[in-house]
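What follows is calculated from the coordinates using simple rules that are stated; it is not laboratory data. All figures in this text were calculated on a predicted structure; none of them were measured in a lab. We place every Cβ from the backbone using ideal geometry, glycine too, and count neighbours over all the protein chains shown.
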Amino acid sequence: PNTERDHVHAVYDAIATQWHHTRGKRGVLWPSASLFVKDLPEGSIVADCGCGDGKYFPAVWEAGSYVIGTDISLPLLKTALLNDKSLQKRPAVAVADCMSIPFRNNSCDAAICIAVMHHLSTIDRRIRCIEELARIVKINGKIMIQAWAMGCHSRRRFAAPDVFVPFNAQPKYLDKSAAEIYSDAYDNADFDEQKGLVVFQRYCHMYREGELEDIVSQIPSVKLIDGGFETGNYFV
């Protein structure tokens with residue numbers, strides 16, 4: 001969809017370097033996702049779908065498992081492969097869409113999909129993503145999904161579930177000259193001359209309480225084990 005192409009894919013391609021420096025390198029992981037990985041049997045093959053700059057890779061390795069990461073943004077994957085010297089292993093990664101994950105059926109012991117579902121713009125695509133995760137995971141394998149929450153539990157306050165969330169990019173991290181930035185070289189972004197920032201608008205769908213569980217219930221091949229809320233996110 002155009003919304004995802006212009007306000008998700010293009011944005012993360014443009015901000016990949018800053019994203020990695022300001023978020024990925026801090027190594028802040030969501031607790032339930034970390035616990036999920038830690039509790040997997042040693043030697044598990046884990047698919048990290050929408051892995052971004054690979055910030056969950058070390059957690060998987062520390063748990064004694066093997067990770068294969070996919071993301072639709074090549075620039076984000078490159079930040080992990082080329083810039084992060086802290087990685088003790090060279091991860092296996094591939095550019096791929098979560099609508100069509102390039103893995104064989106039943107090839108993974110588990111899958112994680114963290115901060116991806118809130119960038120999918122339709123219910124059909126959200127269902128398709130989970131169906132793909134279920135397809136690549138073995139029978140009795142496990143899947144962990146987390147996405148942004150809205151409502152009284154969340155610090156994110158929005159009037160509607162489908163919103164554009166500003167991301168203020170520093171020009172020094174962007175692969176454009178100041179002149180190009182000022183001349184609107186980036187589509188769907190604005191240059192804040194006063195602050196000296198390029199403002200991108202990211203599409204996000206904020207999930208209501210129980211919404212992820214409702215989506216899971218529509219997919220016959222999966223069974224809901226648990227769900228909950230933590231630090232502004234819902235998980236199943």
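Results, tabulated for the structure shown:
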{"quantity": "Long-range HN-HN contacts of SER65 with modeled amide H, under 5 Å", "calculated": "GLY43"}
{"quantity": "Local net charge near ALA96, Cβ-Cβ under 13 Å (Lys/Arg +1, Asp/Glu -1)", "calculated": "-4"}
{"quantity": "Under 5 Å, built H, 5+ apart or other chain: amide partners of ILE143", "calculated": "ALA111"}
{"quantity": "Cross-link pairs LYS78/LYS142; LYS55/LYS223; LYS78/LYS172; LYS38/LYS142 - those with Cα-Cα distance over 21 Å", "calculated": "LYS78/LYS142; LYS55/LYS223"}
